[in-house]
Structures are given as C-alpha cells and as structure tokens.
Amino acid sequence: MTAEVDMLHRRQTRQAISLEDLVMWCMQLFLGFLFVVLIEPAPSDLFFALGFGIFLFTGKLAVARNLHPFFLAFLVFFFANMISALFWKSAGFGAQYMAITVYMLLIPLMMAHFALRYGEEAVDRFYKALFISALISSIIGVLAVLRLTPGPVDWYFRSDDALRLSPLFKDPNVFGPFMTTAATLLIGQSMRASARHKVRGLLLALFMLFVMFLAFSRGAWAGTALSAAIFFVLMALFARQRRTVVTFSLFSTIGTTIALLAGMVLLIKLNLADFFTRRFALQSYDDNRFSNWANALEVITERPLGVGPGHYVGRTHFPESEFGLATHNIYLKVAVENGWLGFIAFFGAILLLLVQLAHSIMTSDDRQPLRIAIFAAIIGQLFNSFVVDSLHWRHLFVLFGFGCCELVLLQIGARKRSQ
C-alpha cells in the first residue's frame, strides 16, 4: 500500500513538473510575441492566459520573501480598484478594464515565481525571448521604412499622415518605449558578456534604438536619454570592472555618433527633416492635454475614493465618460480612477522595487549591470509616463518582472554564499 502511494506521489510530481515546464514555455512565448499588439487580444495575451490557466493546476505559488512587500502593495492596489468600482458608471466597461489591470499585475508575479523555481536559467530565457521580440520588431520596422512589408501602411505607421513608425503596434508612443526597454536591458546583458558578444549585443541595442527613434515619440526620446544617463553614471560609480565602463563609454560614444549621422541622412532621404523639427514644438493637442491635467487635479480632491477603473478616458472611448479627453498621465489616471489609496499602493509598490534595486546595485556580482539597466529603464519609463497613460503597457510590467527576477536571484546567491 505504501509503495502504491509513493508511486502515485511520484507520478503526480512528474505531472506537476511537466505542467510547469509547459507554463514556462507559455511565458517565453508571451514575451516573444510582445511585438504584435495590433489586434486585441494580442497573441502574447493568449499565451499568458493559457500559461496561467495551466499554472492554476500545478500547485503552490512560489514568492520570494524579499518580494512580499512589493506584491502586498499590488494587492492593496487591487483592493483600491474594488473600492473605486463602487462609483463606476458602467460595470461592464469597468470590469473589463479591471480584468486587464489584474492581468498586468500577474505578469511580474509569474516571472518572479519561475525565477525562484528555476533560477538563472529561467530568467535568462525570459531575457532572450524579449530580445528576440524586439529584434523582430526592429527588422519589421526597417523593412516597412524600405516599403518591403506586406499589408496596409497603417500596420506599420501611425499618426501624423502615417509618418511615425509603429510596426504592428497601435501607437508609436507605446512602440518607442517598448524598444527602449528591450535595448536598455540588452545593453545591461552585453556588459556581462565576453568582448565579442559584448560588441554584438551593443550593436543590436543601437539598432533597436535607431528604429525606436523613427517612432518620433518625444516621450520615448526623453525617457531613453534619461535611462542612458542613469545607466552610464551608475556603471561608472559601481561597476565591478572599470574596463567594462571604459568599453561601454567608448562604444556608446562611437555608436551614438554613427547613429546620429545615419539618422540625419535617413531623415533627409525620407523627406522627414521638417517633420522631425516640428516634433520638438508643442503640438496642437498639448494644450488640451494640460487643461485636462488641471481638471484631473480638481477631481482628485473632490472624489478621494476614485471614479472607477478605466473611467478616466475620453468620450471617444467611453460615451458615458464625464471627461472629454483621456488623461495621458499615469499618475493622474491612477489617482482619479482608484483614489488616494490606489495611488499610494501602486506607486508605493514601484518605489519599494526601486529602493531594493538601488540597494542591490551595491553588490558587485556578475548580474550587477542587468540590475543597473533595469533600474535605469524603470526610471525612464516613469518619466515618460508623465505624458502618456502606461498603466496597461505589457512591457512596463515585464520590466517590473525582470526587476523582481533579479532580486530573487540576488537572494538565492546570498543564501548560497552563507551556506
């Protein structure tokens, strides 16, 4: 009888392991298809949903102890959504929006789980999937610029007379930050590699940033510049090997110079020089954006519990909206929709993650450049989010997920060293 029980237990264990491996593949496919968001639900959403559905049958969720405060704050943010839901005008619209928010919150949770279960192998596979996704998007973008892609133009270009590159994305203001995120993390990964692989990784990152530039997203440009500056300063101050900093500085200077020259030539060849200049000026919609922010500040003081998930949108998206325009600012959006509690919980979680990452930078191990890159990328995304609503950006929560993964690996490494 005991032998039969042991055999049944081993069979169940093997089944659980095989199911979790399947979920791992779904997570990789989720990351690998992030370059396609022209349709809803996107292929990446379907892979995540499939993986999470299977995951529910695998057993207990593994969460590293050092991430408990971060995920607890996200849980409070979820409850803030529930509280603000009492005031929504459309239960159907609000519930759908809140479901997407929950999906976003699950992304870092699932990534952190696999980091704890499988260690560096799983995390490095996640990075590889993201880099492949961004590289595919870059190649499609270049082919679109050369008019070598099939299908209608609006699959690849959006806004402003179809001049802003956005291959298989609905919005160039989302495509640009996605490319910046992948490129920044790839630079961090390259700083860990051998000389040959370092050069290859940095070249690919520059290629991604060059394609990002053609999105003509002012927020993405500014966020990229800020991320690059933070990465350079932190690498100069804390990098384990000074030779790495010298290599990065030399290569980035040469690469940036070449990229700028190539960009100028391309703008002239494509007759986009005037358009590029106009992008630096205030746009016609900026005045409306700023007046909408002033209105949001009034709403926050009058309705401290929020107006309901998803309800700070323009009437073009939600006819029952009391707002003429969408927020275009994640900070005001969260405060208006989910109240003060939601604001404190959501950005408190991000602050906790940033503080832990900042502290982890002091540890000079092999993965230090990656943690610096993640920290710099998050700051750049948060800066960009002042002028765009990024609450449902998949790559933003993937970025949080990588931050969680690196903290998990750091904890595992510290535990091994203490034994």
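The values are calculated or read from the model by the stated rules, or taken from the named source; none is laboratory data. As the structure is a prediction and not an experimental result, all values here were calculated from the model. Neighbour counts are summed over all protein chains in view; Cβ atoms, including those assigned to glycine, are modelled from backbone coordinates with ideal geometry. Just the protein is used for accessible areas: all its heavy atoms, side chains included, with ligands, DNA and RNA removed. Shrake-Rupley method; radii C 1.70, N 1.55, O 1.52, S 1.80 Å.
In the set Leu135, Leu143, Leu67, which member is without any contact (Cβ under 8 Å) to a residue 24 or more places away in the chain and assigned to a helix (DSSP H, G or I)?
The match here is Leu143.
Assess whether Tyr103 counts as being crowded, with 17+ Cβ neighbours inside 10 Å, touching a residue at least 24 places away in the same chain (Cβ under 8 Å), in contact with a Pro (Cβ under 7 Å, 6 or more places away or on another chain) and of a type outside the set (Gly, Ala, Ser).
Against the criterion (crowded, with 17+ Cβ neighbours inside 10 Å, touching a residue at least 24 places away in the same chain (Cβ under 8 Å), in contact with a Pro (Cβ under 7 Å, 6 or more places away or on another chain) and of a type outside the set (Gly, Ala, Ser)), Tyr103 does not qualify.
Of the conditions (1) at pLDDT 95 or above; (2) open to solvent by less than 50 Å² (accessible area, probe 1.4 Å); (3) β-branched (Val, Ile, Thr), Ile136 fails just one. Which one is it?
Status for Ile136: all satisfied but (2).
Could you tell me which of the residues Leu305, Leu352 is in contact (Cβ under 8 Å) with a residue 24 or more places away in the chain, farther than 22 Å from His68 by Cα, more than 16 Å from the chain's Cα centre (by Cα) and open to solvent by 10 Å² or more (accessible area, probe 1.4 Å)?
Leu305
Out of Ala358, Ala376, Ala326, report the one residue that is crowded, with 22+ Cβ neighbours inside 10 Å and either touching a Phe, Trp or Tyr at 6+ places or on another chain (Cβ under 8 Å) or not in a helix (DSSP H, G or I) (or both).
Checking each option against the conditions leaves just Ala376.
Looking at region 79-87, can you tell me whether even one residue there is assigned to a helix (DSSP H, G or I), out of contact with any strand residue (DSSP E or B) (no Cβ under 6 Å at 6 or more places or on another chain), at pLDDT below 95 and loosely packed, with under 15 Cβ neighbours inside 10 Å?
The answer is yes; a qualifying residue exists.
Being within 21 Å of Ala99 (Cβ to Cβ) and either modelled with pLDDT under 75 or outside any loop (DSSP other than H, G, I, E, B) (or both) is true for just one of Val307, Val299, Val334. Which residue is that?
Of the residues listed, the single one that is within 21 Å of Ala99 (Cβ to Cβ) and either modelled with pLDDT under 75 or outside any loop (DSSP other than H, G, I, E, B) (or both) is Val334.
Out of curiosity, is Leu61 of a type outside the set (Gly, Ala, Ser), open to solvent by 30 Å² or more (accessible area, probe 1.4 Å), over 25 Å from Phe318 (Cβ atoms) and modelled with pLDDT of 95 or more?
no
For the subset of region 36-58 comprising residues that are open to solvent by 20 Å² or more (accessible area, probe 1.4 Å) and not in a helix (DSSP H, G or I), which member is modelled with the highest pLDDT?
Val36
Restrict the check to region 157-168 and report whether at least one residue is under 24 Å from Ser385 (Cβ atoms), under 21 Å from the mean Cα position of the chain (by Cα) and of a type in the set (S, T, N, Q).
Yes, region 157-168 has at least one match.
Could you list, in sequence order, all residues of region 379-419 that are charged (D, E, K, R) and open to solvent by less than 10 Å² (accessible area, probe 1.4 Å)?
Result: Glu406, single match.
Considering only region 176-277, give the helices (runs of 4 or more DSSP H) lying wholly within it that have at least 2 residues that are at pLDDT 85 or above and under 22 Å from the mean Cα position of the chain (by Cα).
Because the criterion is at least 2 residues that are at pLDDT 85 or above and under 22 Å from the mean Cα position of the chain (by Cα), the helices (runs of 4 or more DSSP H) in region 176-277 that meet it are 195-213, 218-238.
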